[in-house]
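Data block below; observations after.
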Amino acid sequence: DSTNVESLENMKKEVLEIGKRTPVALEGLTSSLYDIRSAGIVAENQFTVLEKSAQLGVAGLGSTSEAVDLVTSSLNAFQLKGKEAERVYDTIFKTVKFGKTTITGIAQGFGAVAGTVAAADIKLDDYLAAIAALTTTGQPAAQAHTQIKAAIAGMTRETEESTKVFKTLGVNNFKDLIQKSGGMVTV
């Protein structure tokens, strides 16, 4: 079928073009493109995600595949669309810039915690701001992910004590507290 051959040729050409613009190995770009498609990123966005992830990997002292993993996990877990999806690269880069970490560091453990964080109605920006802050104390990002997950688990577990605390604060639960206070960092 000629359309598949054409598509493969176009994909190859596009990857080569990105390779010319970004100082990363072609095999890294090729395998990362496969990871992007496997993560459910639609065809029309695949090359944008690939190129911006490659740039993010270089700028954030990590690999393209680690950046792709972070970006696609963020897009999927936090269901980011439009402008929010476009900002994901900047948000991740700022975590590296303002924290004491790298793309490699943030990628370790991110995927395992992102779903829990998103389910608690915490925004990606807040989550990564907390990761950046925790890493400035010398804590590895992987440990920061684990601590945040534990804190969320503790706050979302309904106990007599937590119910009293939430009632005193004028909210029903942790999600309500996050929404009414303007985000996880404020909480």
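Want the number for A119 to K20: 0.36 nm per residue separation, take away the alpha-carbon distance, what's left?
31.7 nm
What is the percent carbon and sulfur in the accessible area of the chain, measuring with a 1.4 Å probe over the protein chains and ignoring ligands?
So the carbon and sulfur contribution to the accessible surface is 54 percent.
Taking only the C-alpha atoms, wrap a convex hull around the chain and report its volume per residue in Å³ as a whole number.
In the chain, the Cα convex hull volume per residue is 119 Å³.
Say we join alpha carbon atoms closer than 10 Å with springs in a Gaussian network model of the chain; which of L75, L177, L50 then has the biggest fluctuation?
Maximum among the listed residues: L177.
State which helices in the chain qualify, where a helix is a whole DSSP H run, it must extend 30 Å or more along its own axis by its Cα atoms, and its mean Kyte-Doolittle hydropathy must be at least 1.0.
TM-like helix candidates: nothing returned.
Given +1 on the Cβ of Lys and Arg, -1 on the Cβ of Asp and Glu, and no further charges, what dipole in debye does the chain carry about its Cα centre, rounded to the nearest 20? Intermediate results must be reported in sequence, preceding the final value.
Working: 19 positive and 21 negative charges, 131 e Å.
In total the dipole reaches around 640 debye.
Tell me, what is the per residue accessible area of the chain in Å², probe radius 1.4 Å?
Details: 10370 Å² over 187 residues.
Accessible surface, normalised per residue, equals 55 Å².
Modelled label-to-label distance, R87 and A150, 7 Å Cα→beta-carbon offset: nm?
Those two pseudo-labels are separated by 3.1 nm.
Expressed in nm to one decimal, what extension gain is obtained for the pair D176 and R37 from 0.36 nm per residue of sequence separation less their Cα-Cα distance? Could the numbers behind the result be given before it?
Values: separation 139, 0.36 × 139 = 50.04 nm, distance 3.53 nm.
Stretched fully, the D176-R37 segment lengthens by 46.5 nm.
The values are calculated or read from the model by the stated rules, or taken from the named source; none is laboratory data. Every value quoted in this text rests on a predicted model; they were computed, and no experiment measured them. Every residue, glycine among them, receives a Cβ derived from its backbone with ideal geometry; neighbour counts consider all protein chains shown. Note: accessible area is taken over every heavy atom of the protein model, side chains too, but ligands, DNA and RNA are not part of it. Shrake-Rupley method; radii C 1.70, N 1.55, O 1.52, S 1.80 Å.
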